[in-house]
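The values are calculated or read from the model by the stated rules, or taken from the named source; none is laboratory data. Treat the numbers as computed from the prediction; the structure is a model and nothing was measured. No Cβ is skipped: glycine too gets one built from the backbone with ideal geometry, and neighbour counts run over all protein chains shown. Please note that ligands, DNA and RNA were not included when accessible areas were found on the heavy atoms of the full protein model with its side chains. Shrake-Rupley method; radii C 1.70, N 1.55, O 1.52, S 1.80 Å.
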Amino acid sequence: MRKERNGESVGDRRKQRQKRNVKKTLRMGCGSMVGSERCVSCTTFNILAPIYKRLSEEDQSCRESQYRAYWLSRNERIIDRLLGDRSSIICLQEVWLGNDELVDMYEKRLGDAGYVSFKLARTNNRGDGLLTAVHGDYFKILNHQKLLFNDFGDRVAQLLHVESVVPFCHGQKSSVQQQVLIVNTHLLFPHDSSLCIVRLQQVYKILQCIETYQKEHNLDSVPIILCGDWNGSKRGHVYKFLRSQGFVSSYDTAHEYSDVDAHKWVSHRNHRGNICGVDFIWLLNPNKHRKPLRTSWNEAVFGIIKYLLRAVSLAEDNAFAFLKVDSPGDCITYSGFCRALHQLGVAGHPHGLSPDDTKDLWIQADTDGNGVVDYEEFQRIWSPKCCEPLEEQIAVETRGTQAREGGQLAFGFNVEDAVLFPPEVEQGTWPENYSLSDHAPLTVTFSPVRIPPCGQPVC
């Protein structure tokens, strides 16, 4: 058994975390753990498409895709590792979908091992794409949707609606199969700050798609798992956007890291040689508080605006003056606001904010609706006060909502364990002898937890 820090084994660490999770569940009030034998696991891995893997620093045009023996051997080793881990769900990014031999190899070997695979190529014949595989011993597929962003970068996402094969709840009068929504995606790389809005828009489209699907299929009380290469660290706007929607990073939850622990682990060494943590498996349980999606979006965009203003050393007073532009008086007008956004590069071009986006931002900023934003209103944007309710309060409020809507028993997940490979990346370093990819695979183990309405018996 592999030893971790301070001589602790993975098993020892998992047992300690399970005890903490049980205590946390009991504190939540009405939740109840389900037997550990029903745990499921999920792996996300950007496997580095051979068309992007450079073989020479001197000759950037020399790619692995030109040498069949190289890419075939590396991808065989990747599949060996995936089959060895035997995760319930596998989400892969940068699969070379333009090569039939490689695709057939993945589909055959995964299929022979009991997986059902779904693939989705990036738009405009980019050559690579996504592959999501679900093991038939754990889940059956209820539905599968493709999400094409149709934007700069030709990115895509997959949405799978699955149901547990074995019921997670056996009772005298009921037998409940767990349903889960799973997303696999690969966001645009932030080549420069002008692409911040595009990346946020991609996440917004994913969340909007989930929200619409939940409403159409009456799925308010199901957990949501988002997997993929998010091409951004815990310091970025995408991370903050997802956190504002109630999602938690499974790896950080398992290791009890806070939002500010951005250097504890890494999962990627990019083409510039920088190492950072960009691969996440996000979890949203049905008892988690969620802000209105558009509110979170606007707050995230205001965060980008604030970042860009600070990047040019503008403090609060000077930032207000910048947004005011040439507006008369001591207020920001809508026309001045629009001109300032154009100057910042977040609007006025095909990949920036649309006129409707800008109007929504203005409506949120102009709280009294008098057509101008004064300094007091600007301060609410510049230094928003944290008004998130405590987790226990959120759980009570949400369970009350569930009870009013019919008292259905809901299920969620606790994070039991999360492991990155190779082990050095969990210490924040990148080993030179690692050759599977320029990303580390992340595997998370979840245990189901009942989340019934208060006052209702648990099956």
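Brief remarks follow.
- Mean accessible surface per residue for segment 166-301, computed with a 1.4 Å probe while every protein chain stays in place, in Å²: 37 Å²
- Segment 264-387, dipole about Cα centre (Lys/Arg Cβ +1, Asp/Glu Cβ -1), debye to the nearest 20: 820 debye
- Cα coordinate range in segment 213-303, projected on the principal axes (Å, largest first): 45, 30, 23
- Of the GluC sites (Glu not before Pro) found in segment 33-84, those that fall in a DSSP loop while having at most 14 other beta-carbon atoms within 10 Å are 57, 58.
- Share, in percent, of DSSP beta bridges within segment 120-260 that are antiparallel, nearest 5: 75 percent
- With every protein chain in place, segment 285-353: carbon and sulfur % of accessible area (1.4 Å): 55 percent
- For segment 62-160, the share of accessible area belonging to carbon and sulfur comes to 44 percent (1.4 Å probe, ligands and nucleic acids excluded).
- Highest-first packing order for the peptide set 249-258, 273-282, 288-297, 349-358 is 273-282, 249-258, 288-297, 349-358, based on the mean count of other beta carbon atoms within 10 Å.
- 10 Å-binned pair-distance histogram of segment 64-182 (Cα, whole percent): 12, 38, 32, 13, 4, 1, 0
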